[in-house]
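FYI, it's all coordinate maths here, none of it is from the lab. What you are looking at is a predicted structure, and each value in this text was computed from that prediction instead of being measured. We place every Cβ from the backbone using ideal geometry, glycine too, and count neighbours over all the protein chains shown.
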Amino acid sequence: MSQPSTSEVERLPCLYCGERYGPDEVARHTEPVECGPCITCVGKPACFECRLMYCVCGVHRYDG
Ligand SMILES: [Zn+2]
Ligand SMILES: [Zn+2]
Ligand SMILES: [Zn+2]
């Protein structure tokens, strides 16, 4: 588990959140979410965090 292997190459960091994801998380990081009125985050995958102050999106709204 802790040893790096050649399969590491396949795990590129996500374009949106920077996380390296496994095969079971591909959908979360690549599948577009049609979330609504916020034009900044519509069509982004679920892992994307929208930093827009007025974002009303329940999927992407930055919570922190
Ligand atoms: Zn991601
Ligand atoms: Zn959104
Ligand atoms: Zn948004």
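Would you mention how many residues in region 32-59 are part of a loop (DSSP other than H, G, I, E, B) and either of a type in the set (S, T, Y) or within 9 Å of the chain's Cα centre (by Cα) (or both)?
So the count comes out to 7.
Would you check which residues across region 20-42 are within 16 Å of ligand 3 (Cβ to nearest atom) and surrounded by 11 or more Cβ atoms within 10 Å (Cβ to Cβ) and list them?
P32, V33, C35, G36, C38, T40, C41, V42
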